[in-house]
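Presented below is the structure to which this report refers.
Values in this text are rule-based calculations from the coordinates and carry no lab data. Since this is a predicted model, take the numbers as computed values, not measurements. In this analysis, Cβ positions are derived from the backbone assuming ideal geometry, glycine residues included, and neighbour counts consider all displayed protein chains.
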């Protein structure tokens with residue numbers, strides 16, 4: 001079970017350690033001890049000038065037994081500049097955020113290979129969109145020892161009908177593939193494709209229920225897993241309808257877990273009508 005938290009910031013858009021600590025403590029109290037800082041934390045737009053201080057803060061805030069994985073990129077130049085900062089830390093891996101547009105599958109392989117070799121450690125490959133990297137090219141990176149694990153997050157109307165994932169699990173050991181789209185497709189991904197665990201944003205609201213859902217899936221108790229999954233659906237439906245990152249950022253605040261503050265540009269906070277709907281769903285999940 002991997003939590004993907006938002007990043008709390010103050011009115012000046014500076015990362016807010018006290019509020020981020022509240023989010024981390026809430027997640028850890030629910031039994032989840034792996035934190036992945038990526039899209040929900042808007043690492044897409046993090047400044048290189050604050051990268052080191054943000055990483056140092058996350059290391060300090062997380063409990064001793066909590067695993068923190070930050071992200072790099074998505075631009076090639078950005079991730080290569082971030083290597084110098086990462087050398088001052090002991091993260092076992094980092095996730096490469098997927099660039100959209102101006103890429104080819106072979107180019108992604110080349111870029112990730114160059115980054116991983118410069119970093120000196122295997123990385124998390126984040127597959128979010130069709131056309132980003134082909135299954136055969138992903139397997140090349142895995143076979144060359146450059147991938148720690150894969151976050152698979154291509155959204156399908158029917159997650160059971162997924163030709164890309166079907167091919168990927170024949171080319172790559174499914175034990176290193178993690179479902180990356182939250183609770184909603186997790187049962188199908190783990191049960192039908194044999195992949196290992198899932199990442200989620202709504203786990204930041206009720207980490208204990210996400211952890212119980214994972215345990216139920218592993219135990220083959222799919223009826224219990226479905227019941228738990230249903231509790232996340234109202235908030236997940238709002239994330240799908242409005243914006244997954246923006247909704248989660250506000251949901252954590254509106255549920256009273258931490259003051260996440262303003263969204264880091266190029267994103268914006270929600271308008272009043274959407275906030276009301278998100279508040280109702282987030283509070284209902286928290287109190288479930």
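From the list 154, 133, exactly one residue is in contact with a strand residue (DSSP E or B) (Cβ under 9 Å, 6 or more places away or on another chain) and surrounded by fewer than 19 Cβ atoms within 10 Å (Cβ to Cβ). Which is it?
Unique residue meeting the criteria: 154.
If a residue has to be surrounded by fewer than 17 Cβ atoms within 10 Å (Cβ to Cβ) and more than 17 Å from residue 93 (Cα to Cα) to count, how many in region 27-56 make the cut?
8
Taking only region 234-262 into account, find how many residues are within 18 Å of the chain's Cα centre (by Cα), under 10 Å from residue 7 (Cα atoms) and assigned to a loop (DSSP other than H, G, I, E, B).
Residues that pass the stated criteria total 1.
Among the residues of region 204-221, is any within 15 Å of residue 30 (Cα to Cα) and assigned to a loop (DSSP other than H, G, I, E, B)?
Looking through region 204-221, at least one residue is within 15 Å of residue 30 (Cα to Cα) and assigned to a loop (DSSP other than H, G, I, E, B).
Which number in (1) farther than 24 Å from residue 17 by Cβ; (2) in contact (Cβ under 8 Å) with a residue 60 or more places away in the chain; (3) buried (at least 20 other Cβ atoms within 10 Å of the Cβ) marks the one condition that residue 211 misses?
(3)
Among 195, 187, 181, which is the only one that is out of contact with any strand residue (DSSP E or B) (no Cβ under 7 Å at 6 or more places or on another chain), in contact (Cβ under 8 Å) with a residue 24 or more places away in the chain and over 25 Å from residue 8 (Cβ atoms)?
Exactly one residue qualifies, and that residue is 187.
Just to verify a result, which residue in region 217-233, among those that are within 22 Å of residue 255 (Cα to Cα) and without any contact (Cβ under 8 Å) to a residue 40 or more places away in the chain, is surrounded by the fewest Cβ atoms within 10 Å (Cβ to Cβ)?
Only one residue fits best here, namely 230.
Residue under question is residue 11, and the condition is that it be part of a loop (DSSP other than H, G, I, E, B) and closer than 30 Å to residue 218 by Cα; does it hold?
So residue 11 fails the test.
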